[in-house]
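To keep things clear, I will list the structure first and then write my remarks on it.
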Amino acid sequence: RICFINQFGQKLLKFSSEQLLGKSVYETILPHAQTDGTEIKTIIEPVFSDPASHIIVENENLCGDGSRVYVRWSNRAIYDENGSFKEMLCIGNDITEQKKLENELMQTQKMEAIGRLAGGIAHDFNNILTPILGYSEMAWREYGTHALLKDRLERIIAAGHRGRDLVQQILTFSRKEEDKLGMVNVGSQVKDILKLL
């Protein structure tokens, strides 16, 4: 239960001392779970059961207006004259902005890793498509007079070109090549896809 909160704490958490004093941290400043789904009890209960091992703890806290702040708590156990754990002094620093920047950096790093992976896959896929297109076009030139074979080869070549276009899109996503804008005939694209299906 909260037995004292200074003015900084009241301002940060947007609660008055009257709203908090004597009440449990679970009913007031602590959410049931953090935004990432971590149950708050798994973070807080070890602090009180083993205070010497949990001097620094970071967790989300609820504010009086319903918003949340991320706080780094420096905890110090206070013992009575018999050496029994009596209460905890918790000094908090608002690290909400720092956590936001850390999350943004992590997201950027993930996207860069995905981009590198996509670029590698695109190049490998391009290496597979090159002989497929090359041999299909050579066969089309050589056996183009045979109607059924010509139709099938044209479908293979069209699918290969779509694959090559997909490679270009993946490379654009991975920032390896510049985006190229152009006119697209949607009707012919749909017809090509229907033929493939």
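The values are calculated or read from the model by the stated rules, or taken from the named source; none is laboratory data. Worth saying up front: this structure is predicted, and the values here are computed from it rather than measured. FYI the Cβ positions are ideal-geometry reconstructions off the backbone, even for glycines, and counts take in every protein chain you see. Side chains included, ligands, DNA and RNA excluded: accessible areas come from the protein's heavy atoms. Shrake-Rupley method; radii C 1.70, N 1.55, O 1.52, S 1.80 Å.
Among the residues that make up the range 106-114, is at least one of them within 30 Å of Q189 (Cα to Cα) and within 23 Å of the chain's Cα centre (by Cα)?
Taking the range 106-114 as the starting set, the residues that turn out to be within 30 Å of Q189 (Cα to Cα) are 111, 114.
From what's left, within 23 Å of the chain's Cα centre (by Cα): 111, 114.
Among the residues of the range 106-114, at least one is within 30 Å of Q189 (Cα to Cα) and within 23 Å of the chain's Cα centre (by Cα), which makes the answer yes.
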Among the residues of the range 72-118, the number that are in contact with a Leu (Cβ under 9 Å, 6 or more places away or on another chain) and not acidic (D, E) is 7
Kindly indicate which of I91, I56, I121 is β-branched (V, I, T) and within 30 Å of H161 (Cβ to Cβ). I121
Say we look at the range 99-124 and pick out the residues that are charged (D, E, K, R) and farther than 14 Å from I170 by Cβ; which of these is least open to solvent (accessible area, probe 1.4 Å)? K99
Give me the pairs, please: first residue somewhere in the range 26-49 and of a type in the set (D, E), second residue anywhere and open to solvent by less than 40 Å² (accessible area, probe 1.4 Å), beta-carbon distance under 7 Å, and either six or more positions apart or on two chains. E39/A33
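Does E39 satisfy the criteria of being modelled with pLDDT under 95, over 29 Å from G83 (Cβ atoms) and open to solvent by 80 Å² or more (accessible area, probe 1.4 Å)? Reasoning before the result, please.
On the way: modelled with pLDDT under 95: yes; over 29 Å from G83 (Cβ atoms): yes; open to solvent by 80 Å² or more (accessible area, probe 1.4 Å): yes.
The answer is yes for E39.
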Could you tell me whether the range 28-35 includes any residue that is open to solvent by 50 Å² or more (accessible area, probe 1.4 Å) and not in a loop (DSSP other than H, G, I, E, B)? no
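Restricting to the range 125-148, and then to whatever is under 40 Å from the mean Cα position of the chain (by Cα) and among the aliphatic types (A, V, I, L, M), can you tell me which residue is surrounded by the most Cβ atoms within 10 Å (Cβ to Cβ)?
In the first step, residues of the range 125-148 are kept if they are under 40 Å from the mean Cα position of the chain (by Cα); the result is 125-133.
If we keep only those that are among the aliphatic types (A, V, I, L, M) too, we end up with 128-129, 132-133.
Working: I128: 11, L129: 18, I132: 15, L133: 16.
Step by step, filter the range 125-148, then rank; the result is L129.
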Hey, among E39, E58, which residue is under 21 Å from N103 (Cβ atoms) and touching a His at 6+ places or on another chain (Cβ under 9 Å)? E39
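So which of E87, E154, E142, E102 ends up being modelled with pLDDT of 80 or more, at negative phi and in contact with a Cys (Cβ under 9 Å, 6 or more places away or on another chain)?
Values: E154 fails: in contact with a Cys (Cβ under 9 Å, 6 or more places away or on another chain); E142 fails: in contact with a Cys (Cβ under 9 Å, 6 or more places away or on another chain); E102 fails: in contact with a Cys (Cβ under 9 Å, 6 or more places away or on another chain).
Checking each option against the conditions leaves just E87.
Evaluate the range 5-17: report whether one residue or more is under 23 Å from the mean Cα position of the chain (by Cα), surrounded by 12 or more Cβ atoms within 10 Å (Cβ to Cβ) and not in a loop (DSSP other than H, G, I, E, B). Working first, answer last.
Of all residues in the range 5-17, those under 23 Å from the mean Cα position of the chain (by Cα) come to none.
Taking every residue of the range 5-17 in turn, none turns out to be under 23 Å from the mean Cα position of the chain (by Cα), surrounded by 12 or more Cβ atoms within 10 Å (Cβ to Cβ) and not in a loop (DSSP other than H, G, I, E, B).
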Only one residue in F48, F85 is of a type in the set (A, V, I, L, M, F, W, C) and open to solvent by 90 Å² or more (accessible area, probe 1.4 Å). Which one? F48
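Does R152 satisfy the condition of being within 20 Å of I193 (Cα to Cα), assigned to a helix (DSSP H, G or I) and open to solvent by 100 Å² or more (accessible area, probe 1.4 Å)?
Working: within 20 Å of I193 (Cα to Cα): yes; assigned to a helix (DSSP H, G or I): yes; open to solvent by 100 Å² or more (accessible area, probe 1.4 Å): yes.
Yes; evaluated as a whole, the condition is true for this residue.
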Quick one: what pairs do we get from the range 166-193, first residue more than 17 Å from A118 (Cβ to Cβ), second open to solvent by less than 100 Å² (accessible area, probe 1.4 Å) and at pLDDT 80 or above, C-beta under 6 Å, 6+ apart or different chains? D192/A158
